[in-house]
Amino acid sequence: MFSSENIKSFITAFEQDCEQTFLPPEGGLEAIGQSVIPFTLVRGTRGYLERITHQINGTYSNGWYDSCAVMIRRLIETLIIEAFENHNIAHVIKNPAGDFLYLSDLISKTLSEPAWNLGRNVRQALPKLKDIGDKSAHSRRFNAVRNDIDKINPEIRVVVQEFVYLAGLK
């Protein structure tokens, strides 16, 4: 016969085993598929860029489109900073306290930066990518849907590829 204490101990041990077994690893999982950003664009760059890309593709695959849009925004912001740092002009995108500017100002500085010549498609895409990311992050009543991401998917690829090169990561 099992005592109530034995049953309780068994259940506690079982729950702990399940937590450790069924949770994703601490660093997250790799995305299954490359529905938004082809992984080849960031493979071998920086680990955090690879993880953000997995999160973008994973959130899309799971139908978490607001999360996807916010992560796209984060990736674009990060790549812009990487490009300025690579050209040793990061001071251009910092405020007097030494903090990086907000994305709207980063985009303005990026579009007017003479250190590079951005392609027309990238110039047109940056505000669109910012807009969907902003809506998903800051608008209380906006919820992104798959079509929102699908509409900007070609722009995402062009922008990511351009900035990976401008950042000297490939």
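When the Kirkwood radius is taken over all Cα pairs of the stretch 19-114, what Stokes-Einstein diffusion coefficient follows at 10 °C and 1.306 mPa s, in µm²/s? For these conditions, the coefficient is 106 µm²/s. Using only the C-alpha atoms, the convex hull of the chain corresponds to 174 Å³ per residue.
Counting only whole DSSP H helices of the chain, the ones at least 15 Å long by C-alpha along their axis and with mean Kyte-Doolittle hydropathy no lower than -1.0 are 4-22, 47-61, 65-86, 146-166. Calculated translational diffusion coefficient of the stretch 114-170 (37 °C, 0.692 mPa s; Stokes-Einstein with Kirkwood radius over alpha-carbon pairs) equals 262 µm²/s. Of Q16, Q34, Q55, which is the most mobile in a GNM of the chain whose springs link Cα atoms less than 10 angstrom apart? Among Q16, Q34, Q55, the largest mean-square fluctuation in the Gaussian network model of the chain belongs to Q16. For K135, the lysines whose Cα comes closer than 25 Å to its Cα, not counting residues fewer than 8 places off in the same chain, are K94, K109, K151. Solvent-accessible area of the chain (1.4 angstrom probe, protein heavy atoms only): carbon and sulfur portion equals 51 percent. Here, P(r) means the percent of Cα pairs in each 10 Å bin from 0 to the largest distance; for the stretch 24-80 it is 25, 60, 15, 0. Peptide packing: for 71-79, 123-131, 40-48, the average count of neighbouring Cβ atoms within 10 Å per residue gives the ranking 71-79, 123-131, 40-48, highest mean first.
Placing +1 on the Cβ of every Lys and Arg and -1 on the Cβ of every Asp and Glu, with nothing else charged, gives the stretch 25-170 a dipole about its Cα centre of roughly 300 debye. Computed extension length for R140-Y48: 30.3 nm, one decimal, from 0.36 nm per residue of separation with the Cα-Cα distance subtracted. At a probe radius of 1.4 angstrom, the accessible area of the stretch 16-170 per residue rounds to 57 square angstrom.
Of N143, N95, N86, the residue with the greatest mean-square motion in the GNM of the chain, using alpha carbon springs below 10 Å, is N95. Modelled label positions at A115 and F100, each set 7 Å beyond Cα in the direction of Cβ, lie 1.3 nm from each other.
The values are calculated or read from the model by the stated rules, or taken from the named source; none is laboratory data. The model shown is predicted, which means the values in this text are computed figures rather than measured ones. Virtual Cβ from ideal backbone geometry, glycine too; neighbours counted across all protein chains shown. Heavy atoms of the whole protein, side chains included, go into the accessibility calculation; ligands, DNA and RNA do not. Shrake-Rupley method; radii C 1.70, N 1.55, O 1.52, S 1.80 Å.
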